[in-house]
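Note sheet for the following structure.
The values are calculated or read from the model by the stated rules, or taken from the named source; none is laboratory data. Quick caveat: nothing in here was measured; it's all calculated off a predicted structure. Every residue, glycine among them, receives a Cβ derived from its backbone with ideal geometry; neighbour counts consider all protein chains shown.
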Amino acid sequence: MADSPAAKAGLQADDLIVYIDGELVQTIKMFREFMKGVGPGDTVKLEVQRENKLKSLKLKLTDMPKAKKAG
């Protein structure tokens, strides 16, 4: 999503997260478990695979946006 922390960090739709803060991410479950331990204001270092190359990104976490009520 535009203006999301992921977009601001430079993540793209086809990026594959390989490392998070130096830890190998082997499964989505591992990624989710790691993310439970961090929160708004934290910054994590990601290594993503993009077109057969590793790219380093820093992702600053924010609060989840609140859902808008249907009017």
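Some points to look at:
- Failed item, numbered, when Q12 is tested on (1) surrounded by 11 or more Cβ atoms within 10 Å (Cβ to Cβ); (2) not in a loop (DSSP other than H, G, I, E, B): (2)
- Residue in segment 33-41 that is at positive phi and at pLDDT 90 or above present: yes
- Matching option when the condition is touching a Gly at 6+ places or on another chain (Cβ under 9 Å) and surrounded by 10 or more Cβ atoms within 10 Å (Cβ to Cβ), among E23, E33, E47: E47
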